[in-house]
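Step one of this worksheet: look at the structure below.
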Amino acid sequence: MTVTIVGAQLGDEGKGGVVDLFGDATDVVVRYQGGDNAGHTVVAGGEEYKLSLVPSGVVRGKTGVLGNGCVINPETLFEEVDALRERGLDPDVRLAKRAHVILPFHRELDGAEEAAKADSDSEIGTTGRGIGPTYEDKIGRRGVRVGDLLNEDALRDRLEYLVEAKRAIYEDVYGFDASETDGAFDIDAIHEQCLAYADRIRDEDLAVNAGDYLADRIADGDNVMLEGAQGTSLDIDHGNFPYVTSSNPTAGYAATGSGLGPTTVGQGEIVGIIKAYLSRVGSGPMPTELDGDQAEYIREEGGEYGTVTGRPRRVGWLDMPMLRHAARANGFTGIAINHLDVLAELDEVNVGHAYERDGERIHTLPATTEAWRDCDPVMKSFDGWSAFDPAVVADAGYSALPDNAQAYVEYVEAELDTPAYVLGVGPGREESIVRQNPFE
Ligand code: IMP
């Protein structure tokens, strides 16, 4: 069967930890979108692993597949694989031949467009990893795929057209000088680099026809975890455009981006991952945003600094219209609520229960960012809960969670009409209350 893990908010909800929590029941972990813009931290056996591309399940010896919906920077991939090997692991990673490849000029173009937008304060605040430009080349039918790396002549033809087109944009549209980059627009250098990637992909037998590979594994009785990156409000279709990433984290894409059919994904579980408050990296509206001491407190308690960029994250109260939107767009069968420990010791914990806009009360997200910006949150307040020992609570189960924290959890469950399978009460995978294993 499959279990799909989706971020319900703006990324960084603790998806990697939940994937890891059910790692024992999982045979294959698949990423179906995004690239090395993601950041997951997995704590296992007292060791902390920070990964941005390789699926977190490989830390536990599972097969990790980067599906066709991903964009893959081979540099990052090999760095992460090598780093895991240096720490004594033997990562089993497979790449979809249909996945697109991030090349050096994609990163340059990401930076160039952000710089151009900065003049009008309209930059997205991207991670600078070349994600958007690579997806542009995919949709523009001119990108390079993993399968193309393995065909020297086809690769050269692709690059001849692609690199020249991109150089023209870099220079003529953005006004930069391609010769001042570190060979990012040099066809010969890129070709040679790609051939070196291809050698390693061949030597290590990394490339697969991912849809067939996964269907075979499922037919053999294996359990597959589909791991979304980022979150629903960063989805190119369902997020707050244009302050979004260039792919679809929502559950529908778990099928398209892996090569499994929607019926296969839909027969499984779809678990929405929620942080007990809200954080955001990058620009865009955030009606429940906090500032001052309260923001500082939550940022420090929650370690709210970007895994990929190290940027301090913006923080706010839980936003229920955002979660109702996510529950519908993804069809959650269960949820996990993480970081309940971070909110301990606050006198009161607030949530944005609804929005008010032009005198009207609304309970889900408006479709445009401009309308969202106009929304005032209608807050609801909960009594705070005192600090608790995560290990003791995780061991003793839900009834050991302070009553006020239980009231908070039950409010979210009722509003989303979805049961909480997991409650995160600390950073380690053992520091979770598991009420339901989605694979069982
Ligand atoms: P990009 O994906 O690098 O193009 O960035 C687009 C937007 O998505 C920016 O606001 C990023 O900060 C945000 N973003 C991308 N990946 C993540 C993530 O893994 N966690 C949180 N925000 C992310």
- Task: Mind sorting 289, 180 by how few other Cβ atoms lie within 10 Å of their own Cβ, fewest first?
- Result: 180, 289
- Task: Pick out, in residue order, every one of the GluC sites (Glu not before Pro) in the stretch 316-382 that is DSSP loop and has at most 16 other C-beta atoms within 10 Å; say none if there are none.
- Result: 345
- Take the alpha-carbon positions of the stretch 366-440, form their convex hull, and give its projected area averaged over all directions (one quarter of the hull surface) in nm². 7.3 nm²
- Message: Test of understanding: ordering 320, 225, 379 by Cβ neighbours within 10 Å, fewest first, what list do you get?
- Response: 379, 320, 225
- Here the Kirkwood hydrodynamic radius of the stretch 100-203, Cα-based and in Å, equals 14.1 Å
- Message: Can you tell me which of 400, 219, 184 moves the most in a GNM of the chain? Springs connect C-alpha atoms under 10 Å apart.
- Response: 219
- Cα extents of the chain along the three principal axes, largest first, in whole Å? 65, 53, 38
- Message: So, R0 is 25 Å and r is the distance between the beta-carbons of residue 414 and residue 267; what FRET efficiency does that work out to, to 0.05?
- Response: 0.40
- Take the cross-link list 50/275; 117/166; 15/380; 15/62; 62/138; 50/117 and give me the ones stretching past 23 Å between alpha-carbons. 15/380; 62/138; 50/117
- Query: Amide H neighbours of residue 94 under 5 Å, counting only residues 5+ apart in sequence or on other chains, H built in-plane at 1.01 Å?
  - Reply: 64, 65, 66
- Summing -39500 (n - 2.57) over the DSSP H runs of n ≥ 4 in the chain and dividing by its residue number, what mean residue ellipticity at 222 nm do you reach, to the nearest 500 deg cm²/dmol? -10000 deg cm²/dmol
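Here, each number is a calculation from the coordinates, and none is a lab measurement. These numbers come from a predicted model, not from an experiment. We place every Cβ from the backbone using ideal geometry, glycine too, and count neighbours over all the protein chains shown.
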